[in-house]
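Student: Here it is: the structure, laid out below.
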Amino acid sequence: MADRYLHLTGTATGRFLTRRLGLPQPAHLRRWSLETPTLPGPVVHLTAQDSAVTDELATVLAACGPEVAARADRPAGIVLDATAVDTAAGLGAVHAALHPVVRSLAPGGRVVVLGTRPSPEDHHQAAAQQALEGFVRSLGKEIGRGATVQLLRLAPGAGAAAAESTLRFLLSPRSAYISGQVIELTDAAPGPVADWAAPLAGRTALVTGAARGIGASVASVLARDGAHVICLDVPQAQDELTRTADRLGATALPLDITADDAAGRIAAAAPDGLDILVHNAGITRDRRLANMPADRWAQVIDVNLDSVLRTTDALLENGTLRHGGRIVATASIAGIAGNNGQTNYAASKAGVIGLVRSLAPRAAAGHGVTVNAVAPGFIETRMTAAVPLFIREAGRRMNSLSQGGLPVDVAETIAWFAQPASSAVNGQIVRVCGQSLLGA
Ligand code: NAD
C-alpha cells in the first residue's frame, strides 16, 4: 500500500496545502544507491572537551569516506566527541559546540554524539553522560528535514577504531530511517575488512522468512555486500522463495522454521558452516487477550520466539555458526511499547529482546559470536498493508520522520550488524522506526 500522503507532500501544491493546514511534512529520505553511496557533503568533527579518543577519531573519520572538516557552511554530518564530558557544567560545551552549527546541517543530515558509558562509580560522570541521551532524543524530535541524531557510547578504555563500522553506517544514507538511538559498543577489536564495498565477501548467511517483505530485502542487501545467502521460507511460499533466491544467486531452502528437524536441515544446507544467522520470519495473530484462543497464542510464540531460541541453541552447539559469526534477531517496537490486540506478538518480540541481552556476552565469550536485534517500527510491507486505514496512518506519521520505513532500512541495519568489523556491536536492540513515539 503506497504512502499517498508522502507523495502528496512531495508536490508543490500538496506541500502548500498541507503546510497551510499545519499537517506533518515528511522529508524525502535519501537512501543508499550506487549513484548516492555517501552523504552529499562534508562531516564536521567537533570536540566538546579534549578526550583520549580525539586524535584516533579524526583518523577513523578520515577513513570513513566523506570529507572531514573543522567547520563547513552546509555540513551533511556532524560528529561531536563528548566522551570526556563528566560534569553537569561540562554539558555547556555540548551546547556551545552544536548550537552554532545545527541550523546549517544539510537536509537529511546526520548528527552523531560520541559518549561513553555512564559510570557506576562516579555519579557526576553518570549524570553528564546520561544527560546526553535526553539531549540526543530531543534533538532528534526537533531537528526536522529528514535529519537524524544518535548517541554512540564507547566502552571505557575503548578506542575509536571499535566504532568505525558503526560510524560508517550512521554517517551514510544506509541509516536513513534510524533516529534517536543509543548504541553501546564494547571494547572488542574489529574483525578485518578487505573491502568496505563488499564487507561480507566470503561469508555465508541464512535468512528466515526470506521469500518476501523485510526478509527478501535482507537477503538482497547481504548479497549486495558480498555474502552467499540461503533464503529460508515455508514450503507454501516456495514459488516466491525461488524467485527471490534466483534473483540474488542465492540458495532456496523451503522449510518451516518451527519443524522439529529445522536446525538439522539448516546445518545440512550449510555444510561449510554459517557466518550470519538472521531470524526474520514472523507472524501476527491479533486478538485481545479476552478473545484469544490458545492456538493463536501458541503459533505466534512458536514462530517468533521459540523457534528462534531452538535454532540459535542448536546452531551454536553443533558448531554450524562459525567463530566470528553474527546472530541477528527481529524484535519490534510492539515488544518495547506493547500494542492493543497484540499480547501474543508483543510477548514474543519482548522475548527476543530478552534472548539477545542475555546471550550476547556469553556468545561473544564462548563462540566469538555477536547477538543483536533490530526493532522495526512501521515498515511498508504486506504485514502493515493489512492494518486498518486509520491505525496505519497513525503508525506512519507518529514518528520524528513522519513516514513509514522501507524493508531496506531494516536490511541495511542487519547488514551493519553482520559485518566482521562490527565485533564491538553486541547485545544491542536498535530501533528502525524513524524515532517512533511508541515506546520512546
Ligand atoms: P511478512 O509477513 O511480509 O513476511 C514474513 C515472512 O516470514 C513470510 O515470507 C512468511 O512466509 C515467513 N514465515 C512465516 N512463518 C514462517 C515459518 N514458520 N517458517 C519460515 N518462514 C516463515 O512480514 P514482514 O513485514 O516482512 O516482517 C518480517 C519480520 O519483521 C517479522 O519478524 C515481523 O514480526 C517483523 N516486524 C515487521 C514490522 C513491519 O512493520 N512490517 C514491524 C516490526 C517487526
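Student: Would you calculate the separation in nanometres between label points at ASP187 and GLN130, each defined as 7 Å from the Cα along the Cα-to-beta-carbon direction?
Tutor: 2.3 nm
Student: What does the charge add up to near GLY335, with Lys and Arg as +1, Asp and Glu as -1, over the other residues with Cβ less than 14 Å from its Cβ?
Tutor: Around GLY335, the charge tally is +3.
Student: In region 323-367, carbon and sulfur make up what percent of the accessible area (probe 1.4 Å)?
Tutor: About 54 percent, which is the carbon plus sulfur part of the accessible surface.
Student: Give the accessible surface of region 204-432 per residue, rounded to a whole number of Å², with probe radius 1.4 Å and ligands, DNA and RNA excluded.
Tutor: Accessible area per residue, region 204-432: 37 Å².
Student: Right, something else. Which far-off residues, 5 or more places away or on another chain, put their amide H under 5 Å from the one on VAL432, with H placed in the peptide plane?
Tutor: For VAL432, whose amide H was placed from the backbone, the distant partners under 5 Å are ALA375, GLY377.
Student: What 222 nm value per residue comes from the helices of the chain, counting each DSSP H run with n ≥ 4 as -39,500 (n - 2.57) and dividing by all residues, nearest 500 deg cm²/dmol?
Tutor: So the helix-based figure for the chain works out to -11000 deg cm²/dmol.
Student: While we're here: How much net charge surrounds GLY14 when only the other residues with a Cβ under 14 Å from the Cβ of GLY14 are counted, with Lys and Arg +1 and Asp and Glu -1?
Tutor: Taking every other residue near GLY14 into account, the sum is +3.
Student: On to the next question. Applying the Karplus parametrisation 6.51 cos²θ - 1.76 cosθ + 1.60 with θ = phi - 60° to the phi angles of region 9-24, what ³J(HN,Hα) value in whole Hz is obtained for each residue in order, glycine and proline being reported as x?
Tutor: These are the phi-based 3J(HN,Hα) values: 6, x, 9, 4, 5, x, 5, 4, 5, 5, 5, 4, 8, x, 8, x Hz.
Student: What full-extension length gain, to one decimal in nm, is calculated for HIS123 and HIS99 as 0.36 nm per residue of separation minus the Cα-Cα distance?
Tutor: 6.0 nm
Student: Need the full-extension length gain, ALA298 to THR54, defined as separation in residues times 0.36 nm minus the C-alpha distance. One decimal, nm.
Tutor: Full extension from ALA298 to THR54 adds 82.7 nm.
Student: Let me ask you something else. Taking 2.2 N^0.38 Å as the expected size of a compact globular protein, what ratio does the Cα radius of gyration of the chain give against it, to two decimals?
Tutor: 0.96
Student: Carbon-plus-sulfur fraction of the accessible area of region 36-184, 1.4 Å probe, in percent?
Tutor: Carbon-and-sulfur percentage of accessible area, whole number: 54.
Student: MET398: accessible area at probe 1.4 Å, nearest 10 Å²?
Tutor: MET398 exposes around 80 Å² with every protein chain in place.
Student: I've got another one for you. Using unit Cβ charges (K, R positive; D, E negative) and no other charged atoms, how large, in debye to the nearest 20, is the dipole of the chain about its Cα centre?
Tutor: 1620 debye
Student: Let me ask something else. What list of ³J(HN,Hα) couplings, whole Hz, do you get for region 408-421 from phi and the Karplus terms 6.51, -1.76, 1.60, once you set θ to phi - 60° and write x for glycine and proline?
Tutor: 5, 5, 6, 4, 5, 5, 5, 5, 5, 4, 6, 5, x, 6
The values are calculated or read from the model by the stated rules, or taken from the named source; none is laboratory data. Bear in mind that the values here come from a model prediction, so they are computed numbers and not experimental data. All Cβ positions, glycine included, derive from the backbone under ideal geometry; neighbour counts span all protein chains shown. Only protein heavy atoms, including side chains, enter the accessible area calculation; ligands, DNA and RNA are left aside. Shrake-Rupley method; radii C 1.70, N 1.55, O 1.52, S 1.80 Å.
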